[in-house]
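What follows is a short report on a single structure.
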Amino acid sequence: MSNIKILTLLTLMLWFSHSSCQQAGGPTNLDAVAFNQKMLSTDSAIVIDVRTPGEFAQGYINHAVNINFNSADFETSIDKLDKNKSYFVYCYSGGRSSKAASFMRSNGFTKVYELMNGMLAWKSKNLPLAGAAGQVNNDMISMAEYKKMLVSDSVVLIDYYAPWCEPCKKLKPMLEAIQKQYKGKITVLRLDIDENKQLATDLSIDAIPLLKIFHKGTEVWSYKGLIGVEDLKKAVESNTTR
């Protein structure tokens, strides 16, 4: 057998082996319902909340331990854990937990599951929280104020974002350009979900970035994720010519 055929055969064997391992292990980035089911059905599951202590104090998944991803000793704290156990990692919207899970896998942890879209998704499914009793609503914007924002002589485009969200940062200059180009036709507002956690929960926001267009208080368009500038312009134009 030629060297080329042997190399091809070995490549195929490695590919099938990798695919089999992925299939056997199942997905590791789970939606809120699947994450909860997997967590409850796993013996000795360890739940890690990688948010800040302040966020953790506002409510967390039952039995979670808080290891702040942004702390200087995060990696040291993770390295002390048993790498053969099953870990369920989450944050507020999935960004920090994704980085934390990647670090764990690259350092020998074999069973790491992530909560897709984090606590945003968990709360949107009304799944149980611990430590949230008597929580004070410290939102910057009330629901009544939010509803007033939607009623305008012009069309309203709202960007639901967080300061640490990388796709949200990319959207900001696009939205500023849209506001200038369609001045008088559309009002662009940005709503920080970190400053309005209860409002985000009440509005069932389960992922960011999220864009919504309202006409006389009624939602007429919605887009979840990072959108291209031309697609955004099309959405604005089609909803400002009503």
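Before moving on, here are some points about what is shown:
- Antiparallel DSSP beta bridges within the chain, as percent of all bridges there, nearest 5: 40
- FRET efficiency estimate (nearest 0.05) - Cβ-Cβ, Lys180 to Lys80, R0 41 angstrom: 0.20
- Sorted on the mean count of surrounding Cβ atoms within 10 Å across their residues, most packed first, peptides 53-60, 142-149, 158-165, 111-118 read 111-118, 158-165, 53-60, 142-149.
- Kyte-Doolittle mean at least -1.0, axial Cα span of 20 Å or more - DSSP H helices of the chain: 3-25, 166-181
- For Thr110 and Asp202, the FRET efficiency from 1/(1 + (r/R0)^6), where r spans their Cβ atoms and R0 equals 22 Å, is about 0.05.
- Separation of alpha-carbon centers, segment 40-59 and segment 202-242, rounded to whole Å: 33
- Gyration tensor (alpha-carbon) shape descriptor, segment 143-239, a/c threshold 1.5: oblate
- Value of relative contact order over the chain, rounded to a whole percent, pairs C-alpha under 8 Å and six or more apart: 17
- Here segment 152-195 is assigned +1 on the Cβ of each Lys and Arg and -1 on the Cβ of each Asp and Glu. Its dipole about the Cα centre then comes out at about 300 debye.
- Lys, Arg +1 and Asp, Glu -1 on Cβ, resulting dipole of segment 143-239 about Cα centre, debye, nearest 20: 300
- Summed side-chain charge close to Ser86 - residues other than Ser86 whose Cβ falls under 15 Å, Lys, Arg +1, Asp, Glu -1: +2
- Distance from segment 62-99 to segment 120-184 (C-alpha centre basis), Å: 27
Read-outs: derived from the displayed coordinates by stated rules, not from any lab. Remember, it's a predicted structure, so these values are computed and weren't measured experimentally. With ideal geometry, Cβ positions are generated from the backbone for all residues, glycine too; neighbour counts draw on all protein chains shown.
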